[in-house]
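None of the figures in this text is laboratory data; all of them are computed from the coordinates on show. Note that the structure is predicted; figures quoted are calculated from it, not measured. Using ideal geometry, Cβ is built from the backbone for each residue, glycine included, and neighbour counts are taken over all protein chains shown.
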Amino acid sequence: MPEFLFNNKLYYNPVEFVMDRIGGTWKMPILWRLRDKTLRYSEIKKTMPKVTHKMLTSSLRELEEDGFIHREVFPVVPPKVEYSLTMRGKGAIPVVSDLRQYGFLLMKDFGIDTGKEDTMA
């Protein structure tokens with residue numbers, strides 16, 4: 001596949017492109033948490049205690065900008081904001097699930113205890 005430009009960035013293959021959209025430490029775990037339900041910011045943060053406010057906010061904004069999540073603001077005091085998956089975000093869930101399962105297999109191969117398997121840290 002020939003290289004291509006997107007938003008002034010040069011990509012060499014589709015894997016590089018998708019990893020730029022949903023890769024990193026926090027984006028896939030956010031998508032995973034939203035796979036079955038709509039969550040408020042504080043609910044997402046509660047399940048991801050190691051993420052900083054800045055990184056969570058930044059990751060949510062990037063996922064929203066790229067069309068993976070929908071952010072709905074309710075005009076109440078205090079402000080209420082909910083996050084949910086878009087169709088694009090739902091399309092990413094099988095990819096995240098496959099990577100997650102492969103991660104568990106690799107961890108086992110390397111002798112790492114997988115611990116709690118129902119969450120993605």
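Tabulated values for the structure
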read-out: Positive-end residue of L106, G23, S42, charge dipole of the chain with Cβ unit charges; value: S42
read-out: Using θ = phi - 60° and Karplus 6.51 cos²θ - 1.76 cosθ + 1.60, couplings along region 52-61 (whole Hz; Gly, Pro as x); value: 7, 4, 4, 5, 5, 4, 4, 5, 4, 4
read-out: The chain: most fluctuating residue of M48, M87, M107 per GNM, C-alpha cutoff 10 Å; value: M107
read-out: Value of relative contact order over region 26-109, rounded to a whole percent, pairs C-alpha under 8 Å and six or more apart; value: 34 percent
read-out: Given 11 as the ceiling on other Cβ atoms within 10 Å, longest exposed-site-free region of the chain for trypsin sites (Lys or Arg not before Pro) in DSSP loops; value: 51-115
read-out: Label of the coordinate-derived value, Cα extents along the principal axes in Å, listed as [x] 45, 41, 25; [y] 53, 36, 21; [z] 48, 41, 25; value: [z]
read-out: Estimated dipole of region 26-109 in Debye, rounded to 20 [Cβ of Lys and Arg +1, of Asp and Glu -1, Cα centre]; value: 280 debye
read-out: For region 74-82, Karplus couplings with θ = phi - 60° (6.51, -1.76, 1.60), whole Hz, Gly/Pro x; value: 9, x, 10, 10, x, x, 10, 10, 10
read-out: Filter on K45/K90; K37/K108; K46/K90 - keep pairs with C-alpha separation over 27 Å; value: K37/K108
read-out: Sparsely packed GluC sites (Glu not before Pro) within region 18-121, loop by DSSP, other Cβ within 10 Å at most 10; value: E117
read-out: ³J(HN,Hα) computed for each position of region 2-8 - Karplus, 6.51 cos²θ - 1.76 cosθ + 1.60, integer Hz, glycine/proline x; value: x, 5, 8, 9, 9, 6, 6
